[in-house]
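These notes are about the structure you will find just below.
The values are calculated or read from the model by the stated rules, or taken from the named source; none is laboratory data. Quick caveat, the model's predicted, so the values are computed rather than measured. Glycine gets a Cβ as well: all are built from the backbone with ideal geometry, and neighbour counts include every protein chain shown.
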């Protein structure tokens, strides 16, 4: 298959390049429409009690959206409730707001208890009519926002947020953050690639592949948006992967091409050999990363499932571009790329470093393992939250409304209400009174529904993810009195349970798939096991550091004032997504190194010498690829959305740990300790590998082919 792809690229490079150019244009053009089809999915789990109850309540008694306008003084600490000029402006605004078509209710804040908080703020909630179309509500919302902002004077400032405006702000932040990260990362990546390759043409090839990955990402997401809901963060996360893996794969391929150029002047032969060796590594790497992400599809949550599908597709597109577009570009322009110098090809520094690790594997293994386990310790305190306006940057108007509400309404709970649907509730006043009197309920409201049931709105003390709110959910469910609960805290409880219930299945899918692929690649049963354990160490350390920074607040201010002091919890979608993506990227570098180690073994080297040779030849590639990938991920931390900050930080750290401590030290140490035993497999499985696995391949009878040892068979 790969050989056919190489031959097509050599014979018809213009055709292959033209096809990918069309993909790039269509992807950037049509794929941009995906931003208008994104939404906030959060912790919703189809079929769960919270989701079923929410769907039923939406049919029986649609809960209309409400936005909040907050008026504050431009002078800090000033009490504004007695200002007659402001009072008249607010009264006029309330009258105008009530006249807007689609607006159902606007209470007079001066006649509503608690609407002025500590006296330094005036809150004006605007509730829209239930049952109107989303377009009509959008028109009414824009008109209401304009009228609220018109209250402002040089002495008074107005901020509008809450309700659907939080989701809109998250969507806008996702778009601006993705564009900003790409604008920052691409020039930096290009500059570093020029330094790495010593020429602009060779450096531009990984960038071309990365851009095709981004365009394909947008196109894939746009297609998925018609089949499933997509989160506002899906573009950023999959763009990270599209850019990062595109650069990774191209770096490996171009580096190998430059090395082959040093052995033979024939460009076509160099392309064939590059695809046969590095292309095969990319192929297996892409498959391994893809199956690592497929584990997300096991979860029924729309966010995780859609991210698993989209990210898997993106990896597949990057892999396809690496083994088709890149060979075509090399066949067309490869004569202008300088061969690798002898010094760079030999990788002497990495060889000496690996030899040192191989000589002292036990101390290296103990120190690295203990260090990573220590860094991973904060994972035991991991807390999840379904997210709210605090996920927005401090500069966001919706975030400012949230912060002002917390600061000036000290008696108001930070938790969102729980909605309890009670069957035949109208005939059960005692039970309704019992629910309203449960410990931890700070406010309540009751409403009868047309079908005879009743809905209670219970506001718990504390936060959405706090013990009081989640405990109330569990208490009501444990009583089994015909009541079902929904609301953000209930969704969170069900999401946590879903993660626990589906984790064994997701783990089994990923580990079995990875084991099979690595076994076919290496013929060993111990190397796949080693790969899983070492990957878990690096992922655990990255997740622990993420908890320490963003949840507990250590140095969180370095990532913006919006997360200063910590958020008290991580977004519920970040840890499972981080684990899946980081695991896949770890396997990416694992296969890079194993591919070269296996070539050395096929050339006749013993187990320990092969480890040194493998690290010597791939150390520079893995280090450069990791550095470029870290730049891409780090640039996504220049935005302000908390989940992307958490995800970008976790992935940056995971790549750093994996490419240095794990791949350059821990893996060589483990392989050195195992020796020849690392490549052991039972006799029955050896037969399976002999028939279906990767084996040595015949090469064309050229001088360069004879000199290049350990080529791999066509997939």
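Looking at (1) over 17 Å from residue 51 (Cα atoms); (2) surrounded by 16 or more Cβ atoms within 10 Å (Cβ to Cβ), which one does residue 456 not meet, given that it meets all the others? So residue 456 meets the others, but not (1). Here residue 336 meets each of (1) within 35 Å of the chain's Cα centre (by Cα); (2) surrounded by fewer than 17 Cβ atoms within 10 Å (Cβ to Cβ) with one exception, condition (1). Residues of segment 428-439 that are at pLDDT below 90 and either surrounded by 13 or more Cβ atoms within 10 Å (Cβ to Cβ) or assigned to a loop (DSSP other than H, G, I, E, B) (or both): 428 alone.
Which one of these does residue 410 not meet: (1) part of a helix (DSSP H, G or I); (2) surrounded by fewer than 18 Cβ atoms within 10 Å (Cβ to Cβ); (3) in contact (Cβ under 8 Å) with a residue 12 or more places away in the chain; (4) not assigned by TED's automatic domain parsing to the domain that holds residue 264? All conditions are met except number (1). Counting residues in segment 83-101 that are out of contact with any helix residue (DSSP H, G or I) (no Cβ under 6 Å at 6 or more places or on another chain) and under 25 Å from residue 419 (Cα atoms) gives zero. Would you confirm whether or not segment 666-683 contains a residue that is out of contact with any helix residue (DSSP H, G or I) (no Cβ under 9 Å at 6 or more places or on another chain) and either surrounded by fewer than 24 Cβ atoms within 10 Å (Cβ to Cβ) or at negative phi (or both)? Yes, because at least one residue in segment 666-683 is out of contact with any helix residue (DSSP H, G or I) (no Cβ under 9 Å at 6 or more places or on another chain) and either surrounded by fewer than 24 Cβ atoms within 10 Å (Cβ to Cβ) or at negative phi (or both). Quick check on residue 672: is it under 23 Å from residue 366 (Cα atoms), modelled with pLDDT of 90 or more and not in a loop (DSSP other than H, G, I, E, B)? When the stated conditions are applied, residue 672 passes them. Of the helices (runs of 4 or more DSSP H) lying entirely inside segment 214-313, those containing at least 2 residues that are touching a residue at least 24 places away in the same chain (Cβ under 8 Å) and over 25 Å from residue 693 (Cβ atoms) are 234-261, 267-274. If you go through segment 654-665 and pick out every residue that is surrounded by fewer than 24 Cβ atoms within 10 Å (Cβ to Cβ) and within 29 Å of residue 175 (Cα to Cα), you end up with 1.
For (1) touching a residue at least 24 places away in the same chain (Cβ under 8 Å); (2) within 24 Å of residue 178 (Cβ to Cβ); (3) touching a helix residue (DSSP H, G or I) at 6+ places or on another chain (Cβ under 9 Å); (4) assigned to a helix (DSSP H, G or I), each residue gets a yes or a no:
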residue: 585; (1), (2), (3), (4): yes, yes, yes, yes
residue: 594; (1), (2), (3), (4): yes, no, yes, yes
residue: 601; (1), (2), (3), (4): yes, no, yes, yes
residue: 622; (1), (2), (3), (4): yes, no, yes, yes
residue: 646; (1), (2), (3), (4): yes, yes, yes, yes
residue: 652; (1), (2), (3), (4): no, yes, yes, yes
residue: 661; (1), (2), (3), (4): yes, no, yes, yes
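Within segment 483-490, does at least one residue satisfy the condition of being closer than 17 Å to residue 429 by Cβ and out of contact with any strand residue (DSSP E or B) (no Cβ under 8 Å at 6 or more places or on another chain)? Within segment 483-490, not a single residue is closer than 17 Å to residue 429 by Cβ and out of contact with any strand residue (DSSP E or B) (no Cβ under 8 Å at 6 or more places or on another chain). For segment 564-574, filtering for residues that are part of a helix (DSSP H, G or I) and surrounded by fewer than 23 Cβ atoms within 10 Å (Cβ to Cβ) leaves 0. The lone criterion from (1) touching a helix residue (DSSP H, G or I) at 6+ places or on another chain (Cβ under 8 Å); (2) assigned by TED's automatic domain parsing to the domain that holds residue 571 left unmet by residue 53 is number (2). Residue 540 falls short on exactly one of the conditions (1) under 17 Å from the mean Cα position of the chain (by Cα); (2) within 29 Å of residue 669 (Cα to Cα); (3) buried (at least 24 other Cβ atoms within 10 Å of the Cβ), and that condition is (3). Scanning segment 598-625 for residues that are closer than 30 Å to residue 296 by Cβ and either crowded, with 23+ Cβ neighbours inside 10 Å or in contact with a strand residue (DSSP E or B) (Cβ under 8 Å, 6 or more places away or on another chain) (or both) yields 598, 618, 621, 622, 625.
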